[in-house]
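The values are calculated or read from the model by the stated rules, or taken from the named source; none is laboratory data. Being a predicted model, the structure only gives us computed values, none of them experimental. Neighbour counts run over all protein chains shown; Cβ positions are idealised from the backbone, glycine included. Ligands, DNA and RNA are excluded from the accessible area calculation, which covers all protein heavy atoms including side chains. Shrake-Rupley method; radii C 1.70, N 1.55, O 1.52, S 1.80 Å.
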Amino acid sequence: MNEDLRRERDSASFNPELLTHILDGGAERTQRRKEIEALVLNDPDFQHEDLNFLSRSQRYEEAIRKSALMVVKLRKYGIADPDEICWFKRCVHHGRAEPLDLHLGMFLPTLLTQATLEQQDRFFMPAWNLEIIGSYAQTEMGHGTHLRGLETTATYDPATQEFILNSPTVTSIKWWPGGLGKTSNHAIVLAQLYTQGQCKGLHAFIVPIRQLGTHEPLPGITVGDIGPKFGYDEMDNGYLKMDNFRIPRENMLMKYAKIEPDGTYVKPVSDKLTYGTMVFIRSIIVGDSARSLSKACTIAIRYSSVRHQSELKPGDPEPQILDYQTQQYKLFPLLATAYAFHFVGAYIKMTYHRITGDINEGDLSELPELHALTAGLKAFTSWIANAGIEECRMACGGHGYSRCSGLPDIYVTFTPCCTYEGENTVMMLQTARFLIKSYTQVCSGQLVSGMVSYLNDLSGQHIQPQQVAARPTAVHINDPASLVEAYKLRASRFVEVAAKNLQAELNRRKSQEDAWNRTSVDLVRASEAHCHYVVVKLFTTQLSEINDAAVHAVMNNLCLLYALYGISKHTGDFLQAGILTDAQVTQVYQRVKELLAAIRPNAVALVDAFDFHDNCLASVLGRYDGNIYENMFEWAKKSPLNKTEVHEAFHKHLKPKQAKL
Amino acid sequence: MAQWNRSGYFRSSGSRDVNPDLETERQTASFSVERLTAILDGGADNTRTRRAVEAVIHSEPGFSRENQYFQSQNERYEAAVRRSVYLKEKMHQMGWTEDGPEIKYCYRALGGDLAFNVHRVFKNSILALGTDEQIAKWIPLADKYHIIGTYAQTELGHGTFLRGLETTAIFDISTQEFTLNTPKISAMKWWPGDLGRSATHAVVFAQLYIKGKCYGLHAFILQIRSLRDHSPAPGVIVGDIGPKMNFEHIDNGYLMLQNINIPRENMLSRFSQVLPDGTYVKRGSDKINYLTMIMTRVHILWTEVIPTLLKACTIATRYSVVRRQSKLNPGDPEAKILDYQTQQQKLLPLLATAYAFHFMNAYVNEFYNKGYTEIRQENFDSLPELHALTAGIKAIITEYCTAGAEVCLRACGGHGYSALSGLPFLYTKLAASCTYEGENTVLFLQTARFLVKCLAAVHSGQPIPPSATYLSSVDSGKCQARTSADFLKPDIYAEAYRHRATRSVKSTTKLQGLVQSGAEQHEAWNQCTVQLVQAAKAHCHYIVVKNFIDTVEKLRNEAEIQKIVKHLCDLFALHGIFSNTGDFLYAGYISGDQIDMVTASYLDLLAVIRNDAVPLVDAFDFTDESLNSALGSYDGHVYQRLYEWAQKSPTNKQVRTVGYCHGMWRVRALHTHFLLFTMTFSHPGDQKIY
């Protein structure tokens, strides 16, 4: 092991394993996770060449090979628990998307939740056995987040008892669904249902798109890959165009809404259930934000301990770059953020499981709130993690730009979640809508509960700047609970400002939508402030659940850093609202720097606690043993450009012209 | 893109079958786009020359970059070599010279997708550091491409900190040779462009040793590959450093030297020389070395960095008036996404930033040319300022441009993530700029060091360099604005930025405090670096705002254009205040009520500039070929282009990818198919060109 890293680990003040257990949710779970990872890591079938050196087609092929194997092995080992499947898959695919994601994650579950028993009999077992491979085709070229705008049509023909599917315009071509381009032979297609001359809105249909056996597209179906992307090389995101393509009536998913043979439409009972799926996916994205940022921090912090540069003191050897304050200032707040987001992800997941327990007993009352609030958290965490990963890459200087660092790959894999599953700004506005609704409720004298209960304090509109200005002494910058209060005040203020500005726009007799649009910058700001408060609160709450004193001390510092760094980046909000004074702001800046120095000795142990295996990290700079330079050289030698000593471009283009120029 | 033109969808800016949503945006422009383009180009003559060059380049299928996003690292490298060789021929044929005005337009038209870019740095370093004899020997060979050069400075273990470089050059009096060595793995040269596969020669930086004594870094010319068969010279281990986030067309390389002997004459000796008896002679000042570095920094800003942000803005803005989503008013058709305030807030401040940075061009060049003339006359007085200014400006511009391109990418939703949007390519290109040619944090600290010295000069009554004189002026204490409209007065916001910069720089006096209280200088410095970086940023931000204001004033004879550029200037300044309210609220310079006025003015400006957004990006006048984007083309036929282009993807060349056998899952090998199509597909123009 590299000497620098050994010294860092020896000098840590706490046992990182204990922290790993907290992150995993218990020592037994850590152990089980490691057992599952070992199944993959020790399996020669899952070994392969470094993906950085493969073309997109090769990466796709490799992913398909591994996915198919994975399905076989999961069944062989009898792994069925969702978390365990997740661990296994993450280890196989290094956290990347793969061509069967939509089949396993959307097609099969949708069959289970939205298909009738008869439909499940027809489709589920073949799909389970991968004879049917399905994608989930919702997004169109011209429409994403705004579902009502989707243009694909499914027109019922009672004469033949068939639906006729059409992509009437270029913009209506299904575009982006994963696994659709090359892998799938079926798709669940969302289309506007027309029957008896009326549009009944979006419904889901099972559409065969390729011939079983030959895998050729069926007549009337145009299907293919949408081409290269920023990342997602393994995934065949696809397009699908349908021209008068007929499917039997029985292929509409009819557990809820139905079409009778004569074309009569039967309305669904409840559509709130779809909220559940969305909340679940968002909890995964928040977890992904935490995990991706944790990976990036692991790489950047280990590298910063091994890399030496310049001099702090004339004559001394070059210091580790992690000893520079500016480097600590880049990385430690991100480290704290990674932990914070981890706890947020765990919280949403837990709440989801609690509430879905209620769903089965018929109580959906909490679901709309959770749905509204997780929208903002999805956006908040993914935006920050997205920027944070890039910050980590740049903190590694030039070497971060090489794919051997693993950072470009983490970034391009992560960044689309700012736009998929609901574009982030739209998500923020959804949360804002809930906040405004809650605020209005409070104003009309009703109390609200849950994460927005702080709005109750606003009753009677008594929160005036002057009045808040009386509070500054109340904030103790070394007390996490007091900082939660400060964030709460900031959120209240922004919600109130947005609500009042919205009202002012409405008073100018603007349409609801127009007024909303003209207030949307304020509204997004209110949502962000709210989410920031929730994150600080959840991190603080987590502290009380840590029993080990040494771990608690370290986490307390991280929590303080998270809260104070956030204030230092938004001092204007706290100053303008009179939550903090100039003097306190100066103290906050100072305290942030002290915390950087306090965290410094534990930085490597804190990333070790994330417990990423080298294989999963896939980074030369982030290797556990820190032997970076030798391995960069070994890695580079395998580069495709080095396959021959003299590149053919020399003989083809350069040599013949050289003399003539 | 010649093939595309035939399909009817894909036309260059010249033809006019335009998406009506874009057409209406252009009809309501408040100013003449053509006139603004001429101003941006520095005169209508330049615009004419540029367009003439672009016409030549784009009429040649050999220069097409249509397939770029489908290509592997190997293919992109090969294409760049082919294109570069072809460009040299073309330039020769057209009578364009290496130092003529056309070359930068060629570069622009081709999006910089060329090989041998470091060859120029190789030549420049010989011209700057070489003696007249050395110049006479090497430059003609390089000009004719008989040799291809690279510039090997950065090592695996050392980048920005040059003194830490570990490559050695030991002089042997008996043989009159230098022996170059890579003593350990971290000393391997790593990253130089053109080194991996192309270069035959390198200017190598190494620590010079004579009779056991180290004389510091010097530059040596070294042959690394055979001129006959291009194989590596004996003792040279050289190769490509592997795939990167972008720049796949460039063969960034590694170089390991094992006892390579070169003659005494191969040390570049304009400023220092080793005599045959081993005597080390230093001549004049080698401060001019800095000038090469400064020149490179200035150069990349105008060739690589700023135009890339301009392109990203063009793509995102045009797409945002073609893309429709949700409804703003019931009964209306779905709204253009640029009509959403949140989308305006993402894109329009960036558009203002693009203009702000473009206008910095003239400012920095003037500064640079003045300094260059003086330094050529051995007057180094302005060097510290020139160095500090270009360091900070490079850092702030690359930082903002990189972040800005990423915002553009995400502002295009899912389609921004497609390589065919062009945005991932532009972003990843910019992403390198924050660390190359000086890591940004290090550069900000260099600017800060200069500012701290200026502040000390203020206190001791010594003269202060022009860019920092504001540090000595009297501070007004409070912002004088009374209404939102007051914040549209340049005096008001310039003063606010000046105040912020002064306060930030002055707050670093804590540094002195720490030192006086007994902390060692270096430790005190490190303790204050976060603050010092902030001070440098505030300083640079002020300079950019100030220059924007000056630029607006100079447009007084162009009423319409001055009006819209003034709006952009206001937006740039107010967005900066809106995004950093704490800096202005601190110590009560701006009150809470005034911040609300800033916010109101800022939001109003978004709505105003919205109406000219498309004409403002049109004025950048990028050809479709140089944008190379399905979302950003002039005609706005976004969806058709995306659909047709995607179908050309290699992944669509084989219909079947997976096969089934008795219900068992099997994967079909793809290699044969893949190889077959790359042979027929990747270089459609080859036959014709050669």
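Suppose all protein chains stay in the model; what accessible area per residue would a 1.4 Å probe give for the range B:325-381, in Å²?
Using a 1.4 Å probe on heavy atoms only, each residue of the range B:325-381 averages 44 Å².
Give the relative contact order (percent, whole number) for the range B:290-618; include only Cα pairs under 8 Å separated by 6+ residues.
Dividing the mean separation by the residue count of the range B:290-618 yields 23 percent.
To the nearest whole number, what is the average tally of beta carbon atoms from other chains within 10 Å of the beta carbons of peptide B:317-326?
Per-residue shielding by partner chains comes out at 3.
Once you have a ≥ b ≥ c as the square roots of the Cα gyration tensor eigenvalues for the protein assembly as shown, tell me rounded if a/c is under 1.5, and otherwise prolate or oblate according to whether a/b is larger than b/c.
Rounded is the answer for the protein assembly as shown, as its axis ratio a/c remains below 1.5.
Size of the dipole of the range A:1-138 about the Cα centre, Lys and Arg at +1 and Asp and Glu at -1 on the beta carbon, nothing else charged, in debye to 20?
Using only the charged Cβ atoms, the result is roughly 160 debye.
Enumerate the lysines that residue B:88 could reach by cross-link, defined here as Cα to Cα under 19 Å, with residues fewer than 8 away along the same chain left out.
Within the straight-line limit of under 19 Å, residue B:88 reaches these lysines: A:652, A:655, A:657, A:660, B:104, B:123, B:144, B:688.
Solvent-accessible area per residue for the range A:600-661 at a 1.4 Å probe radius, Å²?
Result: 40 Å² of accessible area for each residue.
What lysines does residue B:506 reach when the alpha-carbon gap must be under 28 Å and sequence neighbours fewer than 8 apart in one chain are set aside?
The qualifying lysines are A:313, A:330, A:569, A:593, B:394, B:453, B:478, B:489, B:537, B:546.
To the nearest 500 deg cm²/dmol, what mean residue ellipticity at 222 nm is calculated for the protein assembly as shown from DSSP H runs of n ≥ 4 alone, each contributing -39,500 (n - 2.57), summed and divided by the residues?
-17000 deg cm²/dmol
Which percent of the accessible heavy-atom area of the range B:290-618 goes to carbon and sulfur, probe 1.4 angstrom?
About 54 percent, which is the carbon plus sulfur part of the accessible surface.
Would you work out which of A:494, A:567, A:516 lies farthest towards the positive end of the dipole of the range A:472-578, given +1 charges on the beta-carbon of Lys and Arg and -1 on that of Asp and Glu, about the Cα centre?
A:516
Considering the dipole of chain B built from charges on the beta carbon (Lys and Arg +1, Asp and Glu -1) around the Cα centre, which of B:638, B:567, B:171 is farthest to its positive end?
Looking along the dipole axis, the top candidate is B:171.
Kindly rank A:561-569, A:610-618 from highest to lowest mean number of other beta carbons found within 10 Å of each residue.
A:561-569, A:610-618
Using modelled backbone amide H atoms (1.01 Å from N, in-plane), which distant-in-sequence or interchain residues come within less than 5 Å of residue A:135's amide H?
Here A:186, A:187, A:188 satisfy the definition.
Report, ordered by chain and residue number, the aspartates and glutamates lying within cross-link reach of residue B:189, taken as a straight Cα distance under 20 Å and ignoring same-chain residues fewer than 8 apart.
A:318, A:630, A:634, A:645, B:155, B:166, B:240, B:248, B:251, B:437, B:439
Using DSSP to call loops (not H, G, I, E or B), can you name the GluC sites (Glu not before Pro) in the range A:483-570 whose Cβ has at most 14 other Cβ atoms within 10 angstrom?
A:545
Let me know the shape class of chain A, please: from the alpha-carbon gyration tensor, a ≥ b ≥ c as square roots of the eigenvalues, rounded when a/c is under 1.5, otherwise prolate if a/b is greater than b/c, or oblate.
Verdict is oblate for chain A.
Could you size up the charge dipole of the protein assembly as shown around its Cα centre, putting +1 on the beta carbon of Lys and Arg and -1 on that of Asp and Glu, and report it in debye to the nearest 20?
The calculation lands at about 1220 debye.
Positive end of the charge dipole of chain B (Lys, Arg +1 and Asp, Glu -1 on Cβ, about the Cα centre): tell me which of B:321, B:273, B:391 has its Cα farthest that way.
B:273
Please list A:342, A:215, A:203 from largest to smallest accessible area, probe radius 1.4 Å, with all protein chains kept in place.
Listed by decreasing accessible area, they come as A:342, A:203, A:215.
Go through the range B:465-475 residue by residue and turn each phi into a ³J(HN,Hα) via Karplus (6.51, -1.76, 1.60, θ = phi - 60°); whole Hz please, and just put x for glycine and proline.
x, x, 5, 10, 4, 4, 5, 9, 7, 6, 8
Loop-only check: which chymotrypsin sites (Phe, Trp or Tyr not before Pro) in the range B:196-268 are DSSP coil with at most 12 other Cβ within 10 angstrom?
Sites meeting the loop and neighbour criteria: none at all.
Which value, in debye to the nearest 20, gives the size of the charge dipole of the range B:118-284 about its Cα centre, when Lys and Arg are +1 and Asp and Glu are -1 at the Cβ?
280 debye
Quote the total accessible area buried by chains B and A together, excluding ligands, DNA and RNA, probe 1.4 Å, nearest 100 Å².
11000 Å²
Each residue of the range A:349-357 in order: what ³J(HN,Hα) in whole Hz does its phi give by Karplus 6.51 cos²θ - 1.76 cosθ + 1.60, θ = phi - 60°, with x for Gly and Pro?
4, 4, 4, 4, 5, 5, 6, 5, x
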